[in-house]
Each structure stands twice: as structure tokens, then as C-alpha cells.
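Q: Let me begin by handing over the structure; questions about it come next.
The values are calculated or read from the model by the stated rules, or taken from the named source; none is laboratory data. Please read all numbers here as calculations on a predicted model, not as lab measurements. Here the Cβ positions follow ideal geometry from the backbone for every residue, glycine too, while neighbour counts run over all protein chains shown.
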Amino acid sequence: MTPCGRRAILCGAPIRPVAPLPYCGVSPPMTPLAPPDAVITAPGRLAALAGYDILDTAPEKGFDDIVVLARNACDTPVALVSLVAADRQWFKARVGFAPRETDLNSLVCAHVLVEPDLLVIPDLAADPRTRENPLVTGEPHIRFYAGAPLRTPAGEVLGSLCVIDGTPRPEGLTPTQAESLRALAGQVVDQMELRRSVRSQRRMLDQREAVIQAQISVAEARGDIDMILDTLLAGAMEAVPQAEGGVIALREGDELVRSVCKGRSGEGAGSRTSLEGNLAGICLSANEPLLVADALADPRISRERAEVQGLRSGIVVPVVRAGEPVGVLKLQSSRPGAFSQADLRLAQVFAGTVSAGLAEAGEAKALREARASERRRRAIFESARDYAIVVLDLDGNVTDWNEGATEILGWTPEEMLGKPADVFFTPEDREAGIPALEMHSALTEERGIDERWHLRKGDGLFWASGEMMALRDEDGAAIGFVKILRDRTEQREAGVALERSEMRFRSLVEVSPQVVWFGDASGGITYCSTYWYDYTGLPPGEVGEASWMGVIHPDHRDRVRDAWLAAARTQGAYEVEFPLRRADGEYRWFLSRGQPLRDEDGRTLSWFGISLDIHERMEAERRFQALTHLSPAIIWFGNPDGSLSYLNDRWYEYTGQTPEQALPLGWADAIHPDDLAPLRRTWDDARSRGVLYDTEARLRGRDGAYRWFLMRAEPLRDEDGRIVGWLGSDSDIHDRKATEVALHGAQEQLRLAVEATNLGIFDYDLVTGELVWDARLCALFGLAADAPVTYDTFLAGLHPDDRAWVDATVKATLDPAGDSSYDIVYRTVGLEDGIERWVAAKGQTFVEGGRTVRFIGTGRDITTTRRAEQGLRETEERYRLAARATNDAIWDWDLASDHIRWNEAVQTLFGYAGDEVGPSGSWWKSHIHQDDRERVKAGIYAVIDGGAERWTDEYRFLRADGSYAYILDRGYVIRDTEGRAKRMIGAMLDISERKKAEEHQRLLTGELQHRVKNTLTLVQAIASQTMRGSTDVNAMREAFASRLISLGRAHDILTQASWTAAPIEDVVDGSLGVHRQAGPCRIRTSGPGVLLAAKPALSLALALHELATNAAKYGSLSNETGTVDLRWHVVHEGNDPRFCLTWAEQGGPPILAQPSRKGFGSRLIERSFAAEVGGEVKLTYSPTGLVCRLEAALSSMQEQRDADAA
């Protein structure tokens, strides 16, 4: 195959361009199957590779040209410069190959590492050591490899220059190709050597530049020792880039103080360490530099200290002044062997520069050196531009004048040399001989110091601090003077301004209604304002610790002192609360705060603080804590972000959580999972809108049980109205919830009672005097349903015989001090129809503020029952007379002989034969039922022995067939003249049938009573719900009457159906009949015939009434054109058909926004329908009108429940 063909293959099918060839290679048969790891990871080889610093560098043209030449020379599509590291193979140059590196799993070039010459593999698939290689068996199916080792001058093989083909080459490389590959490999090594040499030269230049730059920076630092040392350490680390950390430490006695630190160097600036047991101490003692290759292997170094400081290798060089070591320069690295001897020598250069910087830093030393070295004196002389330095001869004439003098005084050296120096003294000072006095002081006392006004050229004045010193030769003889001046005008003016400011500040402090105090840097109190002494009664000016500690409450002294000492030690803020004794001995709470005042370098200069009287706040907090402790509710504080910052003990007692578990967000773990999401939504909404938070949720107690709580919170706002927090409480309403459930059940019972009984409702508002009757109650008084009624109407309709006592009973019920219940039976005479009726009435009064404000109750027609009872009594009486005349068992008992004579009726009544009837009282008594016998005997003998004449009793008497008859036995005692009982005559009446009738009547009465109570309960619930939140009495009365009328219509329908079932058409017509008067076509109804059980029928009737009322007030029936579409149907899906009813309004006022809350009507629909039939209610407020969908199982709409039977 031609070379072009091979390139086409590599670029075509077998080796696709989208998957360029990765590195590939094999070894000749004489090499091992795989190069040993020891060869790849040999330290010498890896160190040599690292020394070239070539890995991960950018492509370079010299190397890229070589791979192009190799590819062309060997006629292959791929050529690589491959460098084998410990964990990968990296390509410095590549052609025909995309990746920059590969891992060692498919390594082939590593075999070149053990080859003395070229490695050529004609067919990688045939070689036993490469035929399983995934790059051979799979993509890109490489087949030929040839590589020349990249051998350094020291003999280390770093990688290879290799060529790769996708086709086997049995012939391998031609001699020319092999020679070219070797030569090009040599060029790669030469390029690497050249690159390293250039890099080394560049590093030397960089180091030299760093040294020069450091020296320049030192010169420009103008004696700022911190700047000098910081600049020198930064330059040293820049010149020795492998240094990860550096320190310059200066000696102070037997310790080294770290003056400046950079990078990873252990402790920070200002820390101290002993000279014993560390490299710095060894370096200073020997005054010799140290090079540490591996700190962990060096016996002079503490292994633990080295690990703490991250030290593996380092350089320590002494800093020398005047031949004496005064400190060290230390560079360190976390890698062993990071530094060389060249680095050590470079560090020594910087250490020398440090020494020069230290010399430059001391102005006094610079002046002393000026006497010994003119050159050094001149350097210092000219560099001190902030100072005017003037050299004088013994006569006071100027012999030298530096640049600083020109800048400060204004005269040039040419103008001043040889002239008297008193030219810049003021006339007053010259006249006073001040210049001569300064020279005299310098000669006799070594220096003359002054601070005064001086003249500037042009007659300008400036304030200067000056010092004059005598210049002496080596023998100590005076040869002249040097005067140093510094312009302090700004400082003096600033000082004056500061003094004035301090005076103003102290004036403010003295009149401040709080304690203001100052302290020095070490923590000693230096000043307290007048308020302190006025309050404590301490002597003015007393600031000792014993004095201010003495007025702090003994229980708090140690805590306050510890807090103050800790703040002074750490230089942090100070804040503490404590009771402080007043001059009269009373303690009040104070809040004391302090803050350190720092200079530009962050050093503490002094302390400033205030102490505020917070006694009222503490008392308020204590009262609040007591309230929260005593409160039965859970009290909490919320943050603006929704987290909590405080919960009182009630929370922890109830939930069992700890403060760490509950705060700031762990409280949510105690919320019932079903309540957590809606609670969070309500909480987030309240916080976003800044409104009252009000919700109910269940909380888990420590016993795992959940109870209902009412949760409320009010936002707390600052003076600008911003919410700064929330104050909330959680109240246990679990019992109230249970009561509500019970109330709901009672409401259901009342609803059933109303359905089951024909009750009339009355509502008497004693505040307004208004009396309201429903249609049923109006009918009981013979009035039309819409007839107006008053209390006089009520009295007028009463039977004349009942009017007085009923009026008195009502007034007694209305008396707030009397019984609030009302339960009577009276007669009415129809005001329009004249019919007499019996009415059973019950009611309840409502008292507010000691005044009866309402009287609500029911009236029930019991005329039929009364007539039945009257007829029953008349029948019994007729029976008794007839029995006495004809069939009563008449007996005559001789009490003395115990003989009884019976008429024949005893045989007829009880089935005995004549000879079976005993003639004695014992026979009679023995036939009385054993459960009644003793009672009867006791009763009859009580009459006999007690002097009464009549005896009557009811008991069971044994019949001949073994059954018992209920009898009514009456007797009359016949006594002698002395009142002794002689005989008793009586009659036994069989009342078994009457007893049965009475038992049946009792059952009927109990059932009727149950339904009445249930109906009353429902009526009361409707009344309570209607009145809740209502502010319009007329509207409330109208709504209440309307709901009761709707309830009554539903009763009428069920009554007609004997309380079994009612057609849905009748329920709908009864509920909507009133509203259809507005237009029969405005309410369209359709649906199949469905029989509804009693409860579902009542629930549906109430729901339709509420929907129609709402539509008439606000919806589609409130205008002239709106309509209602009412449809129902049965969905037969699965085994449980579903009943669906849809109320849809159109054409009414558009609904522009969703209602903010649910009214009673909505709640009545949802609760009633859902509770009674287990159905679902969905209310949709669409723009076109309300849509209500009721859905329930058909079986629940048609089946009577157990509650009905009750």
C-alpha cells in the first residue's frame, strides 16, 4: 500500500477523524512483556523530568516542527513527543493525534524506557505483549509503532519520539527513516536542554531583578521598618518561587519575634518562640546559614513542630548587624528537597538586604554612622527629605544643607552655605539668643531640643520640632553641629483642633445621661464621666479597679471582670449586663459596652465605652419571662426570614424538643405532616404581606399524640414601620375541636329532628322588640305565614284559661336571674280560623351583660296527642265503670278472719274454675307476681294501719294459664267507730291492654322528643352560624328565616313521603319555587328521576336554597337577564354509580376576583353535603359566573343511615 493509501486509511474508515489515535506502542521480543513500575517511577528519572519543568506547558514551535519532520520522514499519519510521568503519559508535541495526555493503562511508550536504541514493533497485533492491548483489539486498531528514546545527557530516558500507523509494517523502518528518527529524538532533547538553559538564565535574571527591586523598595521605604521587612520577604519569595512560606524574625533577648510572615509559615506576626530547640536558634548561635532537605529526617528539628508548620524543607539565613546576628530570614516548603545551594546563596543576599534595611530604619543609627562614614552619612542625609538637616561649624555657620532643608525652609544650599543658621529663627528667638543656647546645650548635654516657630523663606512661619547635636571627631573633640528640623505645623494644628474637639466631647460627655468611660490599651480605666460619680457616690476622679468593682453586685463581679479582661486580652468588643449599686444602696441594671480605638496599623491605643441604665428594660423582660412562664399558651418570637429565635418552656414541655432541636427551624418537625405545607403557606403569606398570622394545626406531643393548636402572630415594627420580628402564641384548642365535632353531630341530629317533626320556630329580639314566627308557628295561632306578629299577638292567641299563667311563665323565663329554659304546654285559639289547638313550646334565653337580649324556641302542635290521651282516659273510665258493674273482680276482705269473698268475674278475668279460687287473703297474695308482692302488701297494710280509707295499686296477677295480667286494684277500708279497720271492699280491673297502650305511647313520645331535640339543635346551630359575624340585624333575620323556611319545605316533602324517600324533582321544585317567580325560564333544570333518602334530600335542599339565595343577591339572578342551568345525572362507572349535580350561572355580574373568605352559605353547603352523604363539593368562581358541582355515590344519596333510625 502506498503512503498516501496509509494516510487515507488513518483518516478514513479504520481510524476515524472523530476519534484520533491515542498513544500506542509495543516492545521487541527481547524486552519484557511490560516495563516494570520501578522504571517508570524511578526517583532519578522523575527528578530529571521535573528538572526540565516541561509538563503541562503550552505548545512550542520547535517541538511541533520536529513531530512534523518525524511524520514525513517515516511516512506515518501520527508522530508524538511523549513524556512518561509517574501517573500518565503527556505529549509535548503531536500531529495526527488529538488528546494531550493518556493514562498508563494503555501505555506502550514506556517500553522505550528500557531500550538502548529504537523500539520498532512491525505488527502490534502479533506481538504477545501488545496483541491484547485494547487500542489494538479495539478502536483505533493501531498496528505499527516505532519510538526513539529521549535520553538526557545524564542518561535518564524521559520518554520517546514515536511514530504510529494503522497498518502493519513487516519491514519496519528503513535505515534512513531510523536514522532520521534518532536524529530528531536528539533534537527533542537538545530543545529541552535549550529550554531549560533559557529558563535558568531567565530565573537568574528574575532573581537579580527581585534583589534589585527589593533594594530599591528598601530605599523608598523611608525608614518604615514594617514596609522594609515586608518588601524584602516578598522579594525573597518571588526570587525563590518554590518557597510556600516565609518569615523574618528578629531577636529580643532569648526569644525570636516574628516581624513579618507570608504564605504558609505557621504562627502569625508578633508570635514569639524560644531560641532553644529550633533551626532559627541553631542558625543564630552558629551565625551560619542552614539548608534543610527533609525536616522529617533531620534530627535537629522537632517532627511534631515540623508537621504543625507544614515544613518539609527550608532555608534559614542569619540577619547580621555590626557582625552580630540579630535575626533570621526563613523560607520553607511542604515538599522535601525543594531548595538548592543557589537558593541558599540568594537568600543570603536578601538577608544582607534585611540588615541594610534595619540600618536604614533607625534614624539615630543613621546619624551615628554619619560621623563614621561620609558616604553613608550623605546617603542618609540626602534621603531624609521629610527632615531639614543642617550641618554647622562651631561658629554656627552652615556647612551643609540637605534637600529636606530646601523643601521645608525654602532656601537652597547655595543660598545658605557659609551663612549663619539663625536666619531661620524668628527675630524674637534671635534676640533671646536661642541659637547660641541650643549649641551650648548640644556641647554640654549632647543635644539641644526645642519645639517652636521658625521662619521660612519669604517670611512665612511654620511650627517645627528640632534637635541639635554636637559633631565630634574620633578623639571626642567637637567639630561642629547638626540640627534636624521637622515641619509639625499640621500636627500642631491638628493637635489644637483635637484638643478643642476633646473639650467639646468632654462637655457633651459631662452632660450625657449615661456613663462614659475611657481605658488604656492594657485595660486600665483612665476616665469616667460625671454621671458615674453622681450615680455611684464614688469620689470624683477615682478610677481604680477596686472602686468600680466595688459598686458592682457581688454576684456579678467575677463575671464582669472576666468579660473585661477577655476583651482587653483579645482586643475585641466588650459588652456585659450587670447590677450597679447607686449611692443610696439600691442596685439597678446597666448595659456596659466598650470598643478598642486603633491606629492605622490596627494596634489598640485606648478603649472607649458607655454604660446605659437598662433597669426598666430588664424589669420588663423579667415580667415578660414570668408571663411567658405562667402563660398556658406557647409563646414564641419569629424573625423576618421565618425562623424562630425564642420559644417559652411550654413548647419544650409539650413537644419534648430541646432548644437546639427547635431553633431556628426545627420546630417544623413537631407539626403534623398533613398540616405543615398549608401552615408554611399561611406563614409565608403573612410575612410577605405583613398581616396577622392566624392558622390551626396539629402539634405532636412528647408522647407522640397530636393535639390541635390555634397559632397566631402579630408583626413587630420599628419606628419606620419595617417588620423586625413577630410575636406569636399557640393555644391548645383540641378540646374545642372535639366540641365542634360533637356540635356538628348535634347539628345533624337537630336537622334530622326538624325533618322528622313539624316544628314552628320563634325568635324574640328583646333589644328591638321584634318577634319573628315561621309559617308553622303562625299556623298554630291560625295566622297566615306572612302575618305580622308581636308579643301581644302571642297573648291574644292564647286560650283565655291559659293566658295569665303562660304570660307569667314567659316573663319568669325572660328574667336574667331566673331559669333561662322554657318548656310548657298551652292551648291556642286561632285568631283567624277560631280553631283550638294544643301547643308544646320550648325555648332558651340569651343573656348579655346581665340583660336578656334574645329568646329563641319552637312550638309543636300536639292537639292530636292531647285528644288521644283524653279519649284514652274517657275509655278507661267507661271500662272501669262497666267492669265494676259487670266484669270487675269484686272482693270483700274480712281483715279479722282473712276471708275473702269474690264475685264470678274473678273466674272470667283470670280463667279459674269456681273451686280453684281460694277464699283467703293468702290465696290472693300468693298469686301476686313475686316482684310486686312485697310492694303491694306494704302498700295495702300502710293504708289499713295508717288510717286512710282508699287504697289503689297496680300489679301483676297470676292467671289460670300461668300468665300474668296487669290489674288495677282499688279498695276501700271500712272502719269501726274507733277507726280500726274491719273490712276492705275493692275491685280488680284487668288493665293489661292499657299497659300495652301506655308502653307504646311512651315509645312514641320518646321518639318524638328525640326528633324535637334534634330539630332544636339544628335550628340553634343555623341561628348561631347566621348571627356569627353579622352586623345587619334585618339581613341576619331574613337569612335565618329563609334557611328555616327552606328546611321546612324539605320537611314537607319528606313528610309527604313518610320520611322514607323523595323524588329529586320535588326537592328541586320545593327549594327553587320562590326564585322561579322571577321568571320560569331563568332557572333551567333537567335530569333523570332519582329518589333521595331523607338526609340527602335535606342536604340538597339546603344547598340549592343557599345557591339560589346567593344568585339572587350577587349572581346571575340579581339582574334581569342572568340564568341558572341546574343539571343532574348518574354516572355508571364500575360497581358504584355516582350522582352528579351541577349548578352553573351565566349572564350575571362578572366575577373579577376570587373571594377572600368563605361565607356561611359556602361552608353550609360544603359541611352539610360532605358530612351527610360523604360527597364532594367544588365551588368555581369563573368570570362568567359561579359553578358549583356536587358529587356523591348514588348509594349514599338513596340509603337511609343509622342516624335516621335514631
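Q: Please verify whether Ile282 is aliphatic (A, V, I, L, M), in a helix (DSSP H, G or I) and more than 28 Å from Asp224 (Cα to Cα), treating the condition exactly as stated. Outline the logic, then answer.
A: On the way: aliphatic (A, V, I, L, M): yes; in a helix (DSSP H, G or I): yes; more than 28 Å from Asp224 (Cα to Cα): yes.
For Ile282, the condition - aliphatic (A, V, I, L, M), in a helix (DSSP H, G or I) and more than 28 Å from Asp224 (Cα to Cα) - is met.
Q: Another question, if that's okay. Could you list, in sequence order, all residues of region 514-523 that are over 15 Å from Leu605 (Cα atoms) and surrounded by fewer than 20 Cβ atoms within 10 Å (Cβ to Cβ)?
A: The initial filter retains those residues of region 514-523 that are over 15 Å from Leu605 (Cα atoms), namely 514-516.
Across region 514-523, the qualifying residue is only Gln514.
Q: Right, here's the next one. Being loosely packed, with under 15 Cβ neighbours inside 10 Å, assigned to a helix (DSSP H, G or I) and either among the hydrophobic types (A, V, I, L, M, F, W, C) or in contact with a Phe, Trp or Tyr (Cβ under 6 Å, 6 or more places away or on another chain) (or both), is that true of even one residue in region 524-538?
A: Taking region 524-538 and keeping what is loosely packed, with under 15 Cβ neighbours inside 10 Å, we get 524, 526, 534, 537.
Imposing the further condition that a residue be assigned to a helix (DSSP H, G or I) reduces the set to 534.
Filter once more, so that each one left must be either among the hydrophobic types (A, V, I, L, M, F, W, C) or in contact with a Phe, Trp or Tyr (Cβ under 6 Å, 6 or more places away or on another chain) (or both): none.
No: region 524-538 contains no residue that is loosely packed, with under 15 Cβ neighbours inside 10 Å, assigned to a helix (DSSP H, G or I) and either among the hydrophobic types (A, V, I, L, M, F, W, C) or in contact with a Phe, Trp or Tyr (Cβ under 6 Å, 6 or more places away or on another chain) (or both).
Q: Which of the helices (runs of 4 or more DSSP H) contained wholly in region 574-690 include at least 3 residues that are in contact with a strand residue (DSSP E or B) (Cβ under 8 Å, 6 or more places away or on another chain)? Can you show your working first?
A: Numbers: elements: 615-630, 649-655, 659-662, 673-689.
Once the helices (runs of 4 or more DSSP H) in region 574-690 are filtered for at least 3 residues that are in contact with a strand residue (DSSP E or B) (Cβ under 8 Å, 6 or more places away or on another chain), what remains is 615-630, 649-655, 673-689.
Q: Follow-up question, since we're still on this one. Among the residues of region 1109-1119, which ones are in a helix (DSSP H, G or I) and of a type outside the set (D, E, K, R)? Step through it out loud before you land on a result.
A: We begin by selecting, within region 1109-1119, every residue in a helix (DSSP H, G or I); these are 1109-1113, 1116-1118.
Listed by number, the residues that qualify are Thr1109, Asn1110, Ala1111, Ala1112, Ser1116, Leu1117, Ser1118.
Q: Which is crowded, with 17+ Cβ neighbours inside 10 Å and either outside the structural domain of Val84 (by TED's automatic domain parsing) or without any contact (Cβ under 8 Å) to a residue 40 or more places away in the chain (or both), of Ala148, Ala183, Ala110? Before the answer, list the steps.
A: Numbers: Ala183 fails: crowded, with 17+ Cβ neighbours inside 10 Å; Ala110 fails: either outside the structural domain of Val84 (by TED's automatic domain parsing) or without any contact (Cβ under 8 Å) to a residue 40 or more places away in the chain (or both).
Just one listed residue meets the conditions, Ala148.
Q: Quick check on my filter: what residues within region 143-173 are β-branched (Val, Ile, Thr) and either modelled with pLDDT of 95 or more or outside any loop (DSSP other than H, G, I, E, B) (or both)? Give the steps one after another, and end with the answer.
A: The initial filter retains those residues of region 143-173 that are β-branched (Val, Ile, Thr), namely 152, 157, 163-164, 167.
Within region 143-173, Val157, Val163, Ile164 qualify.
Q: Quick one: would you say Thr31 is in contact with a helix residue (DSSP H, G or I) (Cβ under 8 Å, 6 or more places away or on another chain), modelled with pLDDT under 75 and of a type in the set (Val, Ile, Thr)? So that I can check it myself, show each step before the final result.
A: On the way: in contact with a helix residue (DSSP H, G or I) (Cβ under 8 Å, 6 or more places away or on another chain): yes; modelled with pLDDT under 75: yes; of a type in the set (Val, Ile, Thr): yes.
Considered against the rule, which asks whether it is in contact with a helix residue (DSSP H, G or I) (Cβ under 8 Å, 6 or more places away or on another chain), modelled with pLDDT under 75 and of a type in the set (Val, Ile, Thr), Thr31 comes out as yes.
Q: While we're on this one: Exactly one condition in (1) among the acidic types (Asp, Glu); (2) in contact with a helix residue (DSSP H, G or I) (Cβ under 9 Å, 6 or more places away or on another chain); (3) modelled with pLDDT under 80 is not met by Asp37; state its number.
A: (2)
Q: Which is over 27 Å from Glu748 (Cβ atoms) and either without any contact (Cβ under 8 Å) to a residue 60 or more places away in the chain or outside any loop (DSSP other than H, G, I, E, B) (or both), of Glu1145, Glu1166, Glu1106?
A: On the way: Glu1166 fails: over 27 Å from Glu748 (Cβ atoms); Glu1106 fails: over 27 Å from Glu748 (Cβ atoms).
Checking each option against the conditions leaves just Glu1145.
Q: Given the criterion loosely packed, with under 14 Cβ neighbours inside 10 Å and either outside the structural domain of Asn639 (by TED's automatic domain parsing) or at pLDDT below 90 (or both), identify the matching residue among Asp703, Asp735, Asp694.
A: On the way: Asp703 fails: either outside the structural domain of Asn639 (by TED's automatic domain parsing) or at pLDDT below 90 (or both); Asp694 fails: either outside the structural domain of Asn639 (by TED's automatic domain parsing) or at pLDDT below 90 (or both).
After ruling out the rest, the residue left standing is Asp735.
Q: With the structure loaded, tell me whether Asn72 is more than 60 Å from the chain's Cα centre (by Cα) and either modelled with pLDDT under 90 or under 25 Å from Pro175 (Cβ atoms) (or both) or whether it fails that test. It would help to see each step written out before you state the result.
A: On the way: more than 60 Å from the chain's Cα centre (by Cα): yes; either modelled with pLDDT under 90 or under 25 Å from Pro175 (Cβ atoms) (or both): yes.
Judged against the criteria, Asn72 is a match.
Q: Which number in (1) more than 15 Å from Trp893 (Cβ to Cβ); (2) surrounded by 15 or more Cβ atoms within 10 Å (Cβ to Cβ); (3) touching an Asp or Glu at 6+ places or on another chain (Cβ under 8 Å) marks the one condition that Val936 misses?
A: Just one mismatch for Val936, condition (1).
Q: If we scan region 757-764, do we find a residue that is part of a helix (DSSP H, G or I) and either loosely packed, with under 14 Cβ neighbours inside 10 Å or not aromatic (Phe, Trp, Tyr) (or both)? Step through it out loud before you land on a result.
A: Here is the first cut: in region 757-764, the ones part of a helix (DSSP H, G or I) are none.
Checking region 757-764: not a single residue is part of a helix (DSSP H, G or I) and either loosely packed, with under 14 Cβ neighbours inside 10 Å or not aromatic (Phe, Trp, Tyr) (or both).
Q: Could I ask something else about it? In region 256-274, how many are assigned to a strand (DSSP E or B) and surrounded by 14 or more Cβ atoms within 10 Å (Cβ to Cβ)?
A: Step one: of region 256-274, the residues assigned to a strand (DSSP E or B) are 256-263, 272-274.
Now drop any that are not surrounded by 14 or more Cβ atoms within 10 Å (Cβ to Cβ), which leaves 256-263, 273.
Number satisfying all stated conditions: 9.
Q: Among (1) modelled with pLDDT of 65 or more; (2) more than 19 Å from Thr864 (Cβ to Cβ), there is one condition Ala997 misses while meeting the rest; what is its number?
A: (2)
Q: Could you please find all residues in region 308-339 being of a type in the set (Gly, Ala, Ser) and not in a loop (DSSP other than H, G, I, E, B)? Give the steps one after another, and end with the answer.
A: Narrowing region 308-339 to residues of a type in the set (Gly, Ala, Ser): 310, 313-314, 322-323, 327, 333-334, 337-338.
Hits for region 308-339 are Ser313, Gly314, Gly327, Ser333.
Q: Continuing with this model, one more query. Tell me the residue from Glu954, Glu934 that is of a type in the set (D, E, K, R), modelled with pLDDT of 90 or more, more than 60 Å from the chain's Cα centre (by Cα) and within 29 Å of Glu869 (Cβ to Cβ), please. Break it down stepwise before answering.
A: Values: Glu934 fails: within 29 Å of Glu869 (Cβ to Cβ).
Going through Glu954, Glu934 in turn, the sole match is Glu954.
Q: For region 771-806, how many residues are among the hydrophobic types (A, V, I, L, M, F, W, C), in contact with a strand residue (DSSP E or B) (Cβ under 6 Å, 6 or more places away or on another chain) and in contact (Cβ under 8 Å) with a residue 40 or more places away in the chain?
A: Number of matching residues: 4.
Q: Hey, another quick one. Conditions: (1) modelled with pLDDT of 90 or more; (2) under 22 Å from Ile164 (Cβ atoms). Gly5 meets all but one. Number of the miss?
A: (1)
Q: Under the condition of being among the β-branched types (Val, Ile, Thr) and under 16 Å from Gly245 (Cα atoms), which residue from region 282-325 is surrounded by the most Cβ atoms within 10 Å (Cβ to Cβ)? Walk me through how you get there before you give the answer.
A: The first filter runs over region 282-325 and keeps only residues among the β-branched types (Val, Ile, Thr), leaving 282, 292, 301, 308, 315-317, 319-320.
Filter once more, so that each one left must be under 16 Å from Gly245 (Cα atoms): 292, 308, 315-317.
Values: Val292: 24, Val308: 11, Ile315: 31, Val316: 26, Val317: 27.
Taking the candidates together, the pick is Ile315.
Q: I would also like to ask the following. State which residue is surrounded by the fewest Cβ atoms within 10 Å (Cβ to Cβ) when the search covers only region 394-417 and only residues that are among the β-branched types (Val, Ile, Thr) and closer than 21 Å to Ala436 by Cβ.
A: Just the residues of region 394-417 that are among the β-branched types (Val, Ile, Thr), to begin with: 398-399, 406, 408, 412.
Filter once more, keeping what is closer than 21 Å to Ala436 by Cβ: 398-399.
Values: Val398: 22, Thr399: 18.
So the residue we want is Thr399.
Q: Please find, within region 456-469, the residue that is surrounded by the most Cβ atoms within 10 Å (Cβ to Cβ) out of those that are farther than 17 Å from Leu437 by Cβ and free of Cβ contacts under 8 Å to residues at least 40 places away in the same chain. Before the answer, list the steps.
A: Within region 456-469, the first condition is being farther than 17 Å from Leu437 by Cβ, and the residues that meet it are 456-463.
From what is left, the residues that are free of Cβ contacts under 8 Å to residues at least 40 places away in the same chain are 459, 461, 463.
Details: Asp459: 6, Leu461: 11, Trp463: 17.
Residue satisfying both the conditions and the ranking: Trp463.
Q: Which pairs do you get when a residue that is β-branched (Val, Ile, Thr), found in region 807-823, comes within reach of a residue that is exposed (fewer than 14 other Cβ atoms within 10 Å of the Cβ), reach meaning Cβ atoms under 8 angstrom, with the pair 6+ apart or on two chains?
A: So the pair list comes out as Thr813/Asp819; Thr813/Ser821.
Q: Mind telling me which of the residues Ala86, Ala125 ends up being in a loop (DSSP other than H, G, I, E, B), among the aliphatic types (A, V, I, L, M), closer than 19 Å to Tyr52 by Cβ and in contact with a helix residue (DSSP H, G or I) (Cβ under 9 Å, 6 or more places away or on another chain)?
A: Working: Ala125 fails: closer than 19 Å to Tyr52 by Cβ.
After ruling out the rest, the residue left standing is Ala86.
Q: Follow-up. With respect to Glu832, determine if the residue is modelled with pLDDT of 90 or more and over 60 Å from the mean Cα position of the chain (by Cα). Before you say what the answer is, go through the steps one by one.
A: Numbers: modelled with pLDDT of 90 or more: yes; over 60 Å from the mean Cα position of the chain (by Cα): yes.
Judged against the criteria, Glu832 is a match.
Q: Same structure, new question: Condition check: under 30 Å from Thr682 (Cα atoms) and in contact with an Asp or Glu (Cβ under 9 Å, 6 or more places away or on another chain). Does Lys1158 satisfy that? Quick ask: steps written out before the conclusion?
A: Details: under 30 Å from Thr682 (Cα atoms): yes; in contact with an Asp or Glu (Cβ under 9 Å, 6 or more places away or on another chain): yes.
In short, yes.
Q: Ok, one more. Answer yes if at least one residue in region 834-850 is of a type in the set (Val, Ile, Thr) and within 13 Å of Phe781 (Cα to Cα), and no otherwise.
A: Yes, that holds for at least one residue.
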